[in-house]
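Read-outs throughout are calculated quantities, based only on the coordinates presented, and are distinct from any laboratory measurement. Since we're looking at a predicted model, the values are computed, not measured. A quick note on method: Cβ atoms are made from the backbone with ideal geometry, for glycine too, and the neighbour counts reach across all protein chains shown.
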Amino acid sequence: MAAKNLKCFSSVMLFVLLFLLTGCRDYISDPEINMPPVLSTDKQTYVMSDTATVTLFNPSASIIYVTVVYNSVEIKNNSEWFIYSIVACGGGCPEFAVAKGQTVSTRNRVAANPGTYRLVCYYGKKPNTPFDEKYRIYSMEFTVN
């Protein structure tokens, strides 16, 4: 009788385990799907005559949509962030897709004033995402001397 109960218990546990693993499959893979893009600079410290390489990397399993590698530059003043400059596109910026594992880079002169800065990128998870529905990411802080 004990062997029959053990066999029944084992069958139930196997069913529960398979059910849980099947249900958790999407949950386990979601972190990869939902990983935010990474916005980075090639250095942490620049001098005013330097050119910075800015890279947007998409580690997610989903395509993201952007119009530029970064949309604005913010400067830190007394522990608060303020817009320093906005990336302007004459005639508008065409949207482009950044696929899984893809990187997109640009090179620009660093800010003309010494200080602590960070970059801001807005991206959508579908084409033509309205601005108020876009996600925002920041680069790490960097300094201009």
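Worth pointing out:
- Derived from the Cα gyration tensor, the three semi-axes of the equivalent ellipsoid of the range 38-144 are 24, 15, 13 Å, largest first.
- Note, ³J(HN,Hα) from phi for the range 69-84, Karplus 6.51, -1.76, 1.60, rounded to Hz, x at Gly and Pro: 5, 9, 9, 7, 10, 10, 10, 8, 9, 6, 6, 10, 9, 10, 5, 9
- Gain upon complete extension [T51, K125; 0.36 nm per residue less C-alpha separation]: 23.6 nm
- Annotation for V104 and E133: the two label points, set 7 Å from Cα along the Cα-Cβ direction, are 1.9 nm apart.
- Proxy reagent accessibility, fewest Cβ within 10 Å first, across I86, I137: I86, I137
- Amide H contacts under 5 Å for Y46, placed H, 5+ residues apart: T143, V144, N145
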